[in-house]
Amino acid sequence: MKKYILLLLLLAATQAGFAQRSVNDLFKEFSKIKESEGVKIGKLTMTLAGLFTDTMGVDSIEAYSFDNCAEELKEKLQKATKDIKDKAYETMLTSNEEGSRVKILVRIEKEMIRELVIISTGESNALVRIKGTIKPSDIERVTKQHS
């Protein structure tokens with residue numbers, strides 16, 4: 001009997017470990033989806049863009065849209081979003097409105113935003129990752145301009 005209880009506890013512990021996923025795991029898995037539409041803008045392109053406009057410290061942008069994908073994939077993204085447990089990121093915003101869920105995560109180092117991740121599920125299904133050295137005041141300025 002003790003063996004069965006120990007086996008069940010071990011199984012439960014491994015399941016809990018599998019349920020957690022990092023932001024990098026999420027992007028690795030969903031960037032490979034053939035039906036998705038995606039774009040990556042690297043550091044060189046952002047440097048060139050900086051000659052003509054203020055890039056606000058952004059080094060790269062990675063974005064994927066899953067709106068044209070099967071419902072099973074959208075449900076998988078929604079479940080994966082709930083399973084994100086990444087100690088390197090803080091939740092900046094979570095919103096549940098009219099069938100849409102948006103989660104914004106930030107990775108902060110030395111009072112600068114090093115990475116901003118936007119996950120949207122529901123009506124619009126997308127993953128966006130912005131990397132760089134971004135001042136929180138720049139995020140606030142952009143938010144005020146577009147609200």
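No value in this document is a laboratory result; all are computed from the given coordinates. No experiment lies behind these values; they were computed from the predicted model shown. Heads up, the Cβs are rebuilt from the backbone with ideal geometry, glycines too, and the neighbour counts pull from every protein chain shown.
Here the Karplus relation 6.51 cos²θ - 1.76 cosθ + 1.60, evaluated at θ = phi - 60°, turns the backbone of region 82-96 into coupling constants of 5, 8, 5, 9, 10, 5, 6, 10, 10, 7, 8, 7, 10, 9, 10 Hz, with x for every Gly and Pro. Selection among THR45, GLY122, VAL142 by position relative to the dipole of region 27-147 gives THR45 as farthest towards the positive end (Cβ unit charges, Cα centre). For region 21-145, the relative contact order is 25 percent, taking Cα pairs closer than 8 Å that sit 6 or more residues apart in sequence and dividing their mean separation by the residue count. By the helix-only formula, in which each DSSP H run with n ≥ 4 contributes -39500 (n - 2.57) and the sum is divided by residues, the chain has a 222 nm mean residue ellipticity of -11500 deg cm²/dmol. If you model the chain as an ellipsoid using its alpha carbon gyration tensor, with each semi-axis the square root of five times an eigenvalue, the axes come out at 33, 19, 15 Å, biggest first.
When only Cα pairs under 8 Å and 6 or more residues apart are kept, what is the percent relative contact order across region 54-109? Display every interim value, and only then the final one.
Values: 30 pairs, mean separation 12.0, N = 56.
That works out to 21 percent.
Ignoring the sites themselves, what is the longest stretch of the chain with no trypsin sites (Lys or Arg not before Pro) in a DSSP loop and at most 16 other beta-carbon atoms within 10 Å?
Values: sites that count: LYS32, LYS34, LYS85, LYS87, LYS110.
Result, exposed sites excluded: 35-84.
Quick one: go through region 77-91 and flag any residue whose amide nitrogen is under 20 Å from the point 7 Å out along the Cα-to-Cβ line of GLU140. Zone members listed by number: 90-91.
Exposure proxy check: THR121, THR53 ranked by fewest other beta carbons within 10 Å? Before the final figure, lay out each step's value.
Working: THR121 22, THR53 7.
Ascending Cβ contact count within 10 Å gives the list THR53, THR121.
Taken along its principal axes, the alpha carbon cloud of region 15-97 reaches lengths of 48, 30, 27 Å, longest axis first.
Taking amide H positions as modeled 1.01 Å from N, with prolines and chain starts lacking one, the residues under 5 Å from ASP59 and 5 or more places away or on another chain are LYS131, GLY132, THR133.
Which percent, to the nearest 5, of DSSP beta bridges fully inside region 21-145 are antiparallel? Bridges in region 21-145 that DSSP calls antiparallel: roughly 95 percent.
What is the order of ASP83, ASP59, ASP138, fewest Cβ neighbours within 10 Å to most? List each step's numbers first, then the result.
Working: ASP83 14, ASP59 20, ASP138 17.
Ordered by Cβ neighbours within 10 Å, fewest first: ASP83, ASP138, ASP59.
Spin-label model, LYS87/LYS43: points 7 Å from Cα along the beta carbon direction are separated by 2.7 nm.
Potential lengthening of the chain between LYS28 and SER147 amounts to 39.7 nm, from the contour at 0.36 nm per residue minus the alpha-carbon distance. Across region 29-38, computed HN-Hα scalar couplings (Karplus, 6.51 cos²θ - 1.76 cosθ + 1.60, θ = phi - 60°) run 5, 7, 6, 8, 5, 5, 6, 7, 10, x Hz from first to last residue, x flagging Gly and Pro.
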